[in-house]
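Taking it in order: structure first as structure tokens, then the write-up.
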Amino acid sequence: MAQEYRRAYAQATENPSQFWLQAAEKLEWERMPSIAVDESRAPLYSWFPDGELNLSANALDRHVAAGRGDQAALIYDSAMLGTSTTYTYSQLLQQVAVFAGVLRERGVQAGDRVLIYLPMIPQAAIAMLACARIGAVHSVVFGGFAPKELAARITDCAPVAVVTASGGIEPARRIEYLPAVAEALELAQPEVRDVIVAHREGFEHGTCEYDGQSFNGHRVAWHDWDRLAAHAEPADPVPVPSTHPLYVLYTSGTTGTPKGVVRDTGGYGTALQFSMNAVYDVHEGDVMFTASDVGWVVGHSYIVYGPLIAGAATVLYEGKPVGTPDAGVFGRIIQEHKVTTMFTAPTALRAVRKADPGGGLLTGHDLSTLRALFVAGERLDPDTYHFAVSLLGVPVVDNWWQTETGWPIASNPLGLEQLPAKAGSPTTPVPGFDVQIRDVLGEAVPAGGEGNIVVKLPLPPGALTTLWGNDQRFIDTYLSQIPGYYLTGDSGFIDEDGYLFVMGRTDDVINVAGHRLSTGAMEQVLASHSAVAECAVIGLADELKGQRAAGFVVLKSGVQITEEQLRAEIVAMVREHIGPVADFRQVQVVAALPKTRSGKILRKTMRQIADGQDYVVPSTIEDASVIEALLPVLRPEA
Ligand code: COA
Ligand code: AMP
């Protein structure tokens, strides 16, 4: 295997302190760290414990100070509005400093949480960086989540302020955000003092005269962003300890209660600077276009913080890969903004291929500036990989990671050197991640054998330091099964060349169109329907979205309801409780669910049958005839 990569990987594994202290030097510190990792609370680790810095200063001020103030920093491209606006580093710094001043004047202090519920508009990035500037901890919630999910997050992290907008624009409809926020605040009964609203034209509540006191009778103080900003004093960056939480980002686990992944400041900044250069090969003056959403980790790391820390320009895109207006929109953006590096999800590429199999709409644009396409969020299947390679003629790089890790665990490290690609594999572990395959007992699995993918502790800088307010849940969920290792929740294998293949989750997390969702949370909703005795939700293979959720329900005896009515009611309930992003449509009534003798539903067996895979019925099954009875439902075409 190639030398540059091998050397960096060996250094990061054999002498992590030296490797990461050296990487940290690329940031601007108020106080340079002298210690790499604090192991005194193992298995909880913290990076650069004696360092102090500010990430907003690293993302903005230092580039302006270096004379790059006139360079593009953020390009807001809205396919929904047909507009594009560029903010230079100086302009973005000015906006961020003013909004940081707004937050400070509203009494937000270092360590306070600020919840951000915004569509893909510049205010999202501005609000995040403004929080970082004053040491406030942001928690961004994806706009496609319903008020109940928003409320759960407000309850968990107890923000003092919520930053939102009057609305978001989806291709088929406009989304009024304020009623959703008001409903969430009612449900959460939080200590939120202020709601700050970014005004957008064309929304029912967009021109509301907030009186600083109420909105539709809600007593929290509601404010107009622009009005507050007009009078605010810009705020300077406040240095915080490296270990200070930068943000909490909620992600789905097996249960219905989302997990608040806590990200530190100095470790994350160091990891992003390193990955921008070593993995994505993005440097000052480059243009990165990450077609994701600030509500996901990809958006945090590679729309907002990563490109700006690296001194590149970032494209913040409000739109879809297809239909806004067509499957050529990514090409239009690459051409118009001279994009050097693009990042998207495989599902978006499949959507492009479905709408325009030849890809001519995309390649009809001038793509000559593009050096590489990165994809993540779900496995890049070989078909989609070959489609993208033949379309673009540049390296197409699958990178595997998670909300928890904050940056890629495995990827072709283009900035170190380009390793030969293997379709279906995100290549090899990135320096800093000691990836191993273990069986259920924690024993090492030989090359080629499938098992749990684990990472040796300590995780490198940038990975989660804990779950918000719950060290024990962090330890129980990720660190206890195999002592000394972090359990990723994915299964896979490493081949004889050291290439990793990620095959799927070992838990009840599914991935719908690159969106991570919990089947457990959906089951809770189904189970709350008055006609349902018990239920199972599983993720089935879906040609476009990778996976889709399917619900199987057993009715209470004597209940009179048609399957059609039940389906309509349950679909509406999932939309109301979890949100449209779950894209939940399939419900089937069955006589019984297959279970083990201890009562565990055999979801994996059901999924294998439905997906047409070989399946083994576990010997622990309570009643094998239940599987027989389910076959026509799960495999209707057989
Ligand atoms: N706010 C409110 N609602 C949202 C939303 C948001 N930010 N994002 C999605 N939704 C809604 C959609 O309007 C849709 O609602 P509908 O059922 O009323 O039509 C529903 O959630 C599902 O949306 P979506 O997942 O976008 O599916 P789609 O069928 O409209 O589009 C794709 C399919 C493949 C084009 C789309 O899923 C996509 O762009 N995927 C890429 C995802 C991605 O980049 N993920 C990043 C992970 S790295
Ligand atoms: P999220 O936390 O939303 O980023 O989702 C993380 C999960 O998505 C991982 O644990 C994987 O199951 C899946 N995933 C993300 N990227 C990839 C990839 N490149 N290959 C395979 N699975 C992926």
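We did not get these values from a lab; they are worked out from the coordinates using the rules stated. Every value quoted in this text rests on a predicted model; they were computed, and no experiment measured them. Cβ atoms come from the backbone with ideal geometry, glycine included; neighbour counts cover every protein chain shown.
If I model a spin label at Arg371 and Ala444 as a point 7 Å from the Cα along the Cα→Cβ vector, what separation in nanometres do I get?
Placing both labels 7 Å beyond Cα along the Cβ direction yields 3.6 nm.
At q = 0.27 Å⁻¹, what is the base-10 log of I(q)/I(0) for the stretch 263-305 according to the Debye formula with one equal point scatterer per Cα and no solvent? Please give it to two decimals.
Ignoring solvent entirely, the Cα scatterers give -1.06.
Using a simple spin-label model with points 7 Å from Cα along the Cα→Cβ vector, what separation in nm is obtained for Ala624 and Asp70?
My value for the distance between the label points is 7.9 nm.
Are any of the pairs Lys456/Lys600; Lys259/Lys456; Lys259/Lys600; Lys456/Lys545; Lys259/Lys556; Lys259/Lys604 more than 27 Å apart by Cα-Cα distance, and if so, which? Please report the intermediate quantities before stating the final value.
On the way: Lys456/Lys600 30 Å; Lys259/Lys456 22 Å; Lys259/Lys600 23 Å; Lys456/Lys545 32 Å; Lys259/Lys556 32 Å; Lys259/Lys604 23 Å.
Among Lys456/Lys600; Lys259/Lys456; Lys259/Lys600; Lys456/Lys545; Lys259/Lys556; Lys259/Lys604, the Cα-Cα distance tops 27 Å for Lys456/Lys600; Lys456/Lys545; Lys259/Lys556.
Is it possible to state the helix-based mean residue ellipticity at 222 nm for the chain, with each DSSP H run of 4+ residues giving -39500 (n - 2.57), the sum divided by total residues, to the nearest 500 deg cm²/dmol? What is it? Mind dumping the intermediate values first?
Working: 18 runs with 178 residues, N = 638.
That calculation yields -8000 deg cm²/dmol at 222 nm.
Efficiency by 1/(1 + (r/R0)^6): what FRET value for Lys556 and Leu81, r their Cβ-Cβ distance, R0 = 60 Å, to the nearest 0.05? Working shown, then result.
On the way: r = 49 Å, r/R0 = 0.82.
Plugging the Cβ-Cβ distance into 1/(1 + (r/R0)^6) gives 0.75.
In which sequence would Arg31, Arg438 go, from the one with the fewest C-beta neighbours within 10 Å to the one with the most? Provide the component values of the computation, followed by the final result.
Numbers: Arg31 14, Arg438 17.
Final ranking by Cβ density, sparse to dense: Arg31, Arg438.
Rounded to the nearest angstrom and ordered from largest down, what semi-axes does the equivalent ellipsoid of the chain get from its C-alpha gyration tensor (root of 5λ)? Intermediate values should be presented prior to the final figure.
Values: eigenvalues 265, 190, 127 Å².
Those come to 36, 31, 25 Å.
For Asp542, Asp293, Asp226, Asp286, which order do you get if you count the other beta carbons within 10 Å of each Cβ and list the fewest first?
Values: Asp542 17, Asp293 24, Asp226 10, Asp286 21.
Neighbour counts put them in this order, fewest first: Asp226, Asp542, Asp286, Asp293.
So if R0 is 51 Å, what FRET efficiency would Ala527 and Glu417 give, r being the distance between their Cβ atoms, rounded to the nearest 0.05?
On the way: r = 51 Å, r/R0 = 1.01.
Computed FRET efficiency for Ala527 and Glu417 comes out at 0.50.
Say each of Ala355 and Ile475 gets a label point 7 Å from the Cα, pointing the same way as Cα to Cβ; how far apart are those two points in nm?
Inter-label distance under the simple model: 4.9 nm.
Note down the magnitude of the dipole of the chain about its Cα centre, charges +1 on Lys and Arg C-beta and -1 on Asp and Glu C-beta and zero elsewhere, to the nearest 20 debye.
Details: 48 positive and 73 negative charges, 85 e Å.
In total the dipole reaches around 400 debye.
With the dipole of the chain worked out from charges on the C-beta (+1 for Lys and Arg, -1 for Asp and Glu) around the Cα centre, which of Met288, Leu517, Ala124 lies farthest toward the positive end?
The one lying farthest along the dipole's positive direction is Leu517.
Pulled fully out, how much extra length does the chain show between Thr596 and Glu564, if you take 0.36 nm times their separation in residues and subtract their Cα-Cα distance? The partial results should precede the final answer.
On the way: separation 32, 0.36 × 32 = 11.52 nm, distance 2.98 nm.
The span from Thr596 to Glu564 would gain 8.5 nm if fully extended.
Quote to one decimal, in nm, the extra length available between Thr255 and Val616 on full extension: 0.36 nm per residue of separation minus the C-alpha distance between them. Present the calculation step by step, with values, prior to reporting the outcome.
Details: separation 361, 0.36 × 361 = 129.96 nm, distance 2.59 nm.
That pair, Thr255 and Val616, stretches by 127.4 nm at full extension.
Which FRET efficiency, nearest 0.05, do Glu637 and Leu187 yield, Cβ-Cβ r, R0 45 Å?
On the way: r = 43 Å, r/R0 = 0.95.
The pair Glu637/Leu187 has a calculated efficiency of 0.60.
Using Cα pairs closer than 8 Å and at least 6 residues apart in sequence, work out the relative contact order for the stretch 513-634, in percent. Walk me through the numbers before you get to the answer.
Details: 177 pairs, mean separation 27.5, N = 122.
With pairs under 8 Å counted, the relative contact order is 23 percent.
Might you report the magnitude of the Cβ-based charge dipole of the stretch 513-634 about its Cα centre, with Lys and Arg at +1 and Asp and Glu at -1, to the nearest 20 debye? Mind dumping the intermediate values first?
Values: 13 positive and 14 negative charges, 66 e Å.
Dipole of the stretch 513-634, to the nearest 20 debye: 320 debye.
For the chain, what is the relative contact order in percent, using Cα pairs closer than 8 Å and at least 6 residues apart in sequence?
Numbers: 1435 pairs, mean separation 76.1, N = 638.
Computed value for the chain: 12 percent relative contact order.
State the extension gain, in nm to one decimal, for the chain segment bounded by Glu30 and Leu544, taking 0.36 nm per residue of separation less the distance between their alpha-carbons. Present the calculation step by step, with values, prior to reporting the outcome.
Details: separation 514, 0.36 × 514 = 185.04 nm, distance 4.74 nm.
Here the answer is 180.3 nm.
Using Cβ counts within 10 Å as a stand-in for footprinting exposure, how do Leu55, Leu392 rank, fewest first? Present the calculation step by step, with values, prior to reporting the outcome.
Details: Leu55 27, Leu392 21.
Going from least to most buried by this count: Leu392, Leu55.
Would you kindly work out the equivalent ellipsoid of the stretch 513-634 from its C-alpha gyration tensor and give its semi-axes, the square roots of five times the eigenvalues, largest first in whole Å?
On the way: eigenvalues 99, 72, 30 Å².
Whole-Å semi-axes of the equivalent ellipsoid: 22, 19, 12.
Cβ neighbours within 10 Å, averaged per peptide: list 243-252, 499-508, 351-360 in order, most packed at the top. Write down the numbers at each step before the final one.
On the way: 243-252: 23.6, 499-508: 19.1, 351-360: 16.3.
Result, highest mean first: 243-252, 499-508, 351-360.
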